[in-house]
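The values are calculated or read from the model by the stated rules, or taken from the named source; none is laboratory data. Just so it is clear, the structure is predicted and the values come from calculations on it, not from any experiment. We place every Cβ from the backbone using ideal geometry, glycine too, and count neighbours over all the protein chains shown.
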Amino acid sequence: MHTPVCELLGIEVPVICAPFGPWEEVELAAAVCEAGGLGSLGTAARSLPELRQQWSRLRGLTDRPFAINHTTRPLDEDAFRATIEERPAAISFHLAVPDDLIARAHDAGILWIQQVMDARQAAEALDAGADVIVAQGGEAGGHGGEVSTMVLVPQVVDMAGDTPVVAAGGIADGRGLAAALVLGAQGVSMGTRFLASAEMTASDEWKQRIVAADAVDAVKATNSDGILSPYTRPGSFGVPRTLRTPLVDTLREHPERIDPTEVVPLLMEAVRSGRGDEYLPFTGQSAGLVHEILPAGEIIRRVVGDAESVLVAVAAAVAASRASGPSGPSGAAGAAGGG
Ligand SMILES: Cc1cc2nc3c(=O)[nH]c(=O)nc-3n(C[C@H](O)[C@H](O)[C@H](O)COP(=O)(O)O)c2cc1C
């Protein structure tokens, strides 16, 4: 399965592993790259020496293309400048569309992958010359908007012309990849599915919670602005989706009980020491589709293989129903559901 976005990014299969903010994912990114997908590294809340160490470790594990991610919560100018000097194949970006940064990346010959949460943001990203648009539905883990993947992807595809669109949010198996392609996307970006992978350096407790979770267990952490880093660019927005914790429940139900002067230092210390999931285990509704922890390469093989099988089965069912006359469309629905 090879789509034009694979050519553009220099990858073999149209699967991107999402960046995970401050969470360490060097081994995961390497495994994804080695399996033919695009690995990513987040940059949030990490010092420049730590980031440089991660980049150099990843380069030691793979010589395939990868992306380094930045967001506006906050944008770290030093880390961004260092990223340009590092020259990854692509820079991915989230929470606002920064024309000036896109121009700097392009001047350095680096591709720009812009994640968007609604059609207005997609129009901004296309105007600013983004090379790939990730249309992220509100099902997604981490920061996101409200529009569902099913609505946003075709909306963005209709606007994007020749610019490739990748679907994100709620995708965790081959049916999700197949559906994304049918909606006009050229690939998928998955976060939650890869969190529950063997290579991800997340706590075993978090991975097990993802495996056990239903979709409704991944909720929007409303009222969290006061305890998260401020946005550093106008037009930024997003509300994190996360599994429930005592902090998330209090934020949602009794925000007046949260004292940021008390919570922020605890949260930042936990994030910096890799325990951020004790407070905000960013996770998407696709947790309801994740039933086991698997090696990243196996996840990619299954997602791509199952997508191909589903698409072939649907095409065969459509052909069969056409051959048998106008009364047979139920066959296509049956085949699609079985994947
Ligand atoms: C733990 C976690 C951290 C995330 N951090 C970032 C980030 O720093 N930058 C970013 O662009 N997206 C981030 N995201 C969002 C992903 O890019 C992606 O849109 C999302 O995971 C897709 O939805 P899914 O989780 O249902 O696969 C994060 C997602 C998760 C689950």
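Only residues that are assigned to a helix (DSSP H, G or I) and out of contact with any Ser or Thr (no Cβ under 9 Å at 6 or more places or on another chain): list them for the range 157-181, please. Spell out the reasoning first.
Taking the range 157-181 and keeping what is assigned to a helix (DSSP H, G or I), we get 157-160, 174-181.
Matches in the range 157-181: VAL157, ASP158, MET159, ALA160, ARG175, LEU177.
Scan the range 263-312 residue by residue and report those that are within 14 Å of the ligand (Cβ to nearest atom), farther than 16 Å from GLU24 by Cβ and surrounded by fewer than 22 Cβ atoms within 10 Å (Cβ to Cβ).
TYR279, GLY288, LEU289 - these are the residues of the range 263-312 that are within 14 Å of the ligand (Cβ to nearest atom), farther than 16 Å from GLU24 by Cβ and surrounded by fewer than 22 Cβ atoms within 10 Å (Cβ to Cβ).
Please go through the range 92-122 and pick out each residue that is assigned to a helix (DSSP H, G or I) and under 21 Å from LEU181 (Cα atoms). Talk me through it step by step, then tell me what you get.
Residues of the range 92-122 that are assigned to a helix (DSSP H, G or I), as a first pass: 99-107, 119-122.
Hits for the range 92-122 are ALA119, ALA122.
Surrounded by fewer than 18 Cβ atoms within 10 Å (Cβ to Cβ), in contact with a Leu (Cβ under 8 Å, 6 or more places away or on another chain), of a type outside the set (Phe, Trp, Tyr) and in contact (Cβ under 8 Å) with a residue 12 or more places away in the chain, is that true of MET117?
Working: surrounded by fewer than 18 Cβ atoms within 10 Å (Cβ to Cβ): no; in contact with a Leu (Cβ under 8 Å, 6 or more places away or on another chain): yes; of a type outside the set (Phe, Trp, Tyr): yes; in contact (Cβ under 8 Å) with a residue 12 or more places away in the chain: yes.
Considered against the rule, which asks whether it is surrounded by fewer than 18 Cβ atoms within 10 Å (Cβ to Cβ), in contact with a Leu (Cβ under 8 Å, 6 or more places away or on another chain), of a type outside the set (Phe, Trp, Tyr) and in contact (Cβ under 8 Å) with a residue 12 or more places away in the chain, MET117 comes out as no.
From the list VAL188, VAL153, VAL211, which residue is of a type outside the set (Gly, Ala, Ser) and over 16 Å from the mean Cα position of the chain (by Cα)?
Numbers: VAL188 fails: over 16 Å from the mean Cα position of the chain (by Cα); VAL153 fails: over 16 Å from the mean Cα position of the chain (by Cα).
The conditions single out VAL211.
For the range 83-97, what are the residues that are within 12 Å of the ligand (Cβ to nearest atom) and either modelled with pLDDT under 95 or of a type in the set (Val, Ile, Thr) (or both)?
ILE91
Taking the range 187-224, which residues are more than 10 Å from the ligand (Cβ to nearest atom), part of a strand (DSSP E or B) and among the hydrophobic types (A, V, I, L, M, F, W, C)?
VAL219
Can you tell me which of GLY184, GLY169, GLY129, GLY137 is on the phi > 0 side of the Ramachandran plot, within 15 Å of the ligand (Cβ to nearest atom) and touching a helix residue (DSSP H, G or I) at 6+ places or on another chain (Cβ under 7 Å)?
On the way: GLY184 fails: within 15 Å of the ligand (Cβ to nearest atom); GLY129 fails: within 15 Å of the ligand (Cβ to nearest atom); GLY137 fails: on the phi > 0 side of the Ramachandran plot.
Testing whether each residue is on the phi > 0 side of the Ramachandran plot, within 15 Å of the ligand (Cβ to nearest atom) and touching a helix residue (DSSP H, G or I) at 6+ places or on another chain (Cβ under 7 Å) leaves just GLY169.
For the range 66-82, enumerate the residues that are part of a helix (DSSP H, G or I), under 21 Å from the mean Cα position of the chain (by Cα) and away from the ligand (no atom under 13 Å from the Cβ).
Residues of the range 66-82 that are part of a helix (DSSP H, G or I), as a first pass: 77-82.
Right, trim to under 21 Å from the mean Cα position of the chain (by Cα) and you get 79-80.
Correct list: PHE80 only.
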